[in-house]
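Engineer: There's a structure below that I have some questions on.
The values are calculated or read from the model by the stated rules, or taken from the named source; none is laboratory data. Values in this document were obtained by computation on a predicted structure and should not be read as measured data. Cβ: placed from backbone, ideal geometry, glycine included. Neighbour counts: every protein chain shown. The area values use the complete protein model at the heavy-atom level, side chains included, leaving out ligands, DNA and RNA. Shrake-Rupley method; radii C 1.70, N 1.55, O 1.52, S 1.80 Å.
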Amino acid sequence: MAVTWAEAVKIDVITIFPGYFSPLQVSLLGKAADRGLIEVAVHDLRAWAHDVHKSVDDTPFGGGPGMVMSPVPWGEALDAMLGSGSPGTRLILPAPAGVPFRQETAATYSRMAHLVFACGRYEGIDARFAEEARTRVPVDEVSVGDYVLSGGEPAVLVMIDAIARLLPGVLGNAASAPDDSFGGGDGPMAGLLEGPVFTRPRVWRGREVPPVLLSGDHAAIARWRRDEALRRTAALRPDLMAALPAEALDGRDRQVLQEAGFPVSGEDMAH
């Protein structure tokens, strides 16, 4: 079945630090927005706070350190994002306890019409916010890694960048994304990290570009790139190597891995 995209992905970001998202106005993301390929709006959560101090947090029930973000402004902010309806909308909550954000997650989100990112802070958002939101829209709690950040903002920047570059027309060369590490697809680099790349000058500080890349032999170049991808994946991400189906490896692949000291052919491929 052919993959389809919305005419333009609409992204709403809710945060107490709107200035954190100024990078969205530059580079590929800024150009994509200017061309109408993506629509990003950043909203200050404090706009939905009603006391004189524009408070958005309070002490936790049951005691404990830190502060918890109140569901009241968050609920009103989501009401505003959904408007009169919510077709195609998904709420994304960055959280250390969430499911891992992967390349396939970015690909899924890139095909959605409307994404709302809620940037929590402090000890997190009152759990009732997500519970109530799930009665209206799909809600994903997502983690960008096994570490804790000061807030959801840097995680959301990472996710938006990963999503936007997959949209048709965003990258100058549409073939770039599938060739990236974790690019997916069924090409020769599927499941592998991207290997090293080179450009002019041919010799820099005594280091030469690998001669095969200057040979004009496209088959030899493709083989060299796969060899390097295999070596790099085995060295840096043996977990990815272990997940690669045995039938995805040909005789040359096995030779490269064996020479690099990594077991193959049904053996445990952990290094």
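Engineer: Within the stretch 145-159, work out how many residues are closer than 23 Å to residue 67 by Cβ, assigned to a loop (DSSP other than H, G, I, E, B) and out of contact with any strand residue (DSSP E or B) (no Cβ under 6 Å at 6 or more places or on another chain).
Structural biologist: The number of residues fulfilling the criteria is 3.
Engineer: Considering every residue within the stretch 73-94, establish whether at least one is in contact with a His (Cβ under 7 Å, 6 or more places away or on another chain) and in a helix (DSSP H, G or I).
Structural biologist: The answer is yes; a qualifying residue exists.
Engineer: Limited to the stretch 99-138, what total is found for residues that are surrounded by fewer than 17 Cβ atoms within 10 Å (Cβ to Cβ), under 13 Å from residue 75 (Cα atoms) and not basic (Lys, Arg)?
Structural biologist: Number satisfying all stated conditions: 4.
Engineer: I need every pair where a residue in the stretch 14-32 that is touching a residue at least 24 places away in the same chain (Cβ under 8 Å) and part of a helix (DSSP H, G or I) has its Cβ under 9 Å from the Cβ of a residue that is acidic (Asp, Glu) and open to solvent by less than 80 Å² (accessible area, probe 1.4 Å), sequence separation at least 6 or different chains.
Structural biologist: If the second residue must be acidic (Asp, Glu) and open to solvent by less than 80 Å² (accessible area, probe 1.4 Å), the pairs left are 18/44; 20/153; 21/153; 23/161; 24/161; 28/161; 29/161.
Engineer: Of the conditions (1) surrounded by fewer than 16 Cβ atoms within 10 Å (Cβ to Cβ); (2) of a type outside the set (Ser, Thr, Tyr); (3) in contact with a His (Cβ under 9 Å, 6 or more places away or on another chain), residue 241 clears all except one; give me its number.
Structural biologist: Single failed check for residue 241: (1).
Engineer: Related question: Would you mind telling me which numbered condition in (1) over 19 Å from the mean Cα position of the chain (by Cα); (2) touching a residue at least 40 places away in the same chain (Cβ under 8 Å); (3) closer than 20 Å to residue 83 by Cα residue 121 fails?
Structural biologist: Unmet for residue 121, out of (1) over 19 Å from the mean Cα position of the chain (by Cα); (2) touching a residue at least 40 places away in the same chain (Cβ under 8 Å); (3) closer than 20 Å to residue 83 by Cα: (3).
Engineer: If you don't mind, another one. Tell me, which helices (runs of 4 or more DSSP H) wholly within the stretch 195-271 include 1 or more residues that are among the charged types (D, E, K, R) and at pLDDT 95 or above?
Structural biologist: Details: elements: 218-236, 238-243, 251-259.
Here the list reads 218-236, 251-259.
Engineer: Okay, moving on. Residue 55 is checked against (1) open to solvent by less than 80 Å² (accessible area, probe 1.4 Å); (2) closer than 24 Å to residue 166 by Cα; (3) without any contact (Cβ under 8 Å) to a residue 60 or more places away in the chain and fails just one. What number does that condition carry?
Structural biologist: (2) is the only condition that residue 55 fails.
Engineer: Let me ask something additional. Among the residues of the stretch 15-29, are any open to solvent by 70 Å² or more (accessible area, probe 1.4 Å), over 20 Å from residue 162 (Cβ atoms) and in contact with a Pro (Cβ under 8 Å, 6 or more places away or on another chain)?
Structural biologist: no
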